[in-house]
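Heads up: the structure comes next, in structure tokens.
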């Protein structure tokens, strides 16, 4: 009897194993996403990996950040006396003001094409223009709350030592805190003191400052240029960098290849991969970072042909729904002959592993400078998967670590932003007067706080009776211990995949998880840059 009872158990176990094997495996997110540093004005730097607070870790290695730099998950981008712009695959854009640091905490891609983007604003001011496809998630954490957008939105976040603010310019944003979830509509702002969830105060959006005007001008300019360039590209998908094609070059119709592109001001002797730098990426290997402002799309998508009439022409192609499905470290083939190593631009008719068609036009030295090497009839050039070890110099220029600056929240209800640009100065921007000022009523940094009716306690003012304003004492620049910068786990609404419906504000603990039904593939992006 005992042996007879074993067979049903074994049979049941086998059925369970077969059933488990028959069920499809859960979609595992991939981190194979790359976004683009599309603009640098002034001083910017980045680090590839951080442990804890990147502004406090003295052992973090920083490098100079240049335009067209690919940005990966885990990178931190910081500005000093300058501004920067980061463009994502779908056209979403992050704009960084001076003395701002943003961590790219999570850049993941699901098997169904949905993108998860979670950023951390470590310090400073940044604006975000978001256009998620179906199933995408875009969030920014600053201080004690996280702003999440699942539909088209534009918002600005400011992260100060004593608190954070967020203002919504377009669309709708959900603010997640430890105790509750709040929906902000267009024209609303929220301020919260550091470590005090109960201090959240909603007010009208304040008037824009110089940074807001710069963001607006950049967005309008890029949108217009993108619309003009997209009419020449036979692809339903948007990819960052289209605006540069219209701004810095022109399309020509070339027989057999359709609309091709060529940069302005280049003679017949110009060749691609002649102005830039090879940068090593731990996953993709050697990646070309062009010094040319248009050098993103032509060096990572499509291919090249040589025309006797025009010279080198870029052939558009290889655009997809996101991630790195068609992105490549360089639109070139590595070749070697004896001790000479270089690259040949990829031709549309190239076959993997075979002699590149464009070899007859010469080989561009691996250094990215100098006259292309002429490939003679008797030369034997071998196609390489990667350049030989030691053929390239690695890394960008080292940079000093960014400084943590003293910043205070100021009065939340009046819309006045107060920023201490250093240890011994305090500057207040008044949007009603459209000017900066340093007056006797400048908020004191270490004065005891008073609680106004708004619920946000501004710092007390210095005494107006004092003839001279003493410099504030040296502050501790480490973030307050009570603040948490870890973004919440990704969570999309099952009932509204493009964002929660208007008027609904579920509590933080009742957020619904991902839908059990599979998300459909994201639809083609619109033919215009989504701003």
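For this structure, a couple of remarks:
- Which listed residue is in a loop (DSSP other than H, G, I, E, B) and touching a residue at least 40 places away in the same chain (Cβ under 8 Å), from 280, 319: 319
- Each residue in segment 252-264 was checked for being in contact with a strand residue (DSSP E or B) (Cβ under 9 Å, 6 or more places away or on another chain) and without any contact (Cβ under 8 Å) to a residue 40 or more places away in the chain, and 4 of them qualify.
- Restricting segment 124-154 to residues that are over 16 Å from the mean Cα position of the chain (by Cα) and within 14 Å of residue 189 (Cα to Cα), the residue that is surrounded by the fewest Cβ atoms within 10 Å (Cβ to Cβ): 146
- For segment 225-261, the set of residues classified as surrounded by fewer than 19 Cβ atoms within 10 Å (Cβ to Cβ) and closer than 17 Å to residue 293 by Cα consists of 225, 247, 248, 250, listed by residue number.
- Residues in segment 134-185 that are assigned to a loop (DSSP other than H, G, I, E, B) and within 23 Å of residue 88 (Cα to Cα): 134, 135, 136, 150, 151, 152.
- Selection within segment 73-95: residues that are in contact with a strand residue (DSSP E or B) (Cβ under 6 Å, 6 or more places away or on another chain) and free of Cβ contacts under 8 Å to residues at least 40 places away in the same chain. The member of this set that is farthest from residue 136 (Cα to Cα) is 81.
- Considering residues of segment 186-204 that are touching a residue at least 60 places away in the same chain (Cβ under 8 Å) and in a loop (DSSP other than H, G, I, E, B) only, the residue farthest from residue 246 (Cα to Cα): 195
- Within segment 205-218, being in contact (Cβ under 8 Å) with a residue 60 or more places away in the chain, within 18 Å of residue 166 (Cβ to Cβ) and assigned to a helix (DSSP H, G or I) holds for 211, 212, 215.
Bear in mind these aren't lab numbers, they're just calculated from the coordinates by the rules spelled out. Predicted model, so just to flag it, every value in this text is computed and none were measured. Positions of Cβ are backbone-derived with ideal geometry, glycine not excepted, and every protein chain shown enters the neighbour counts.
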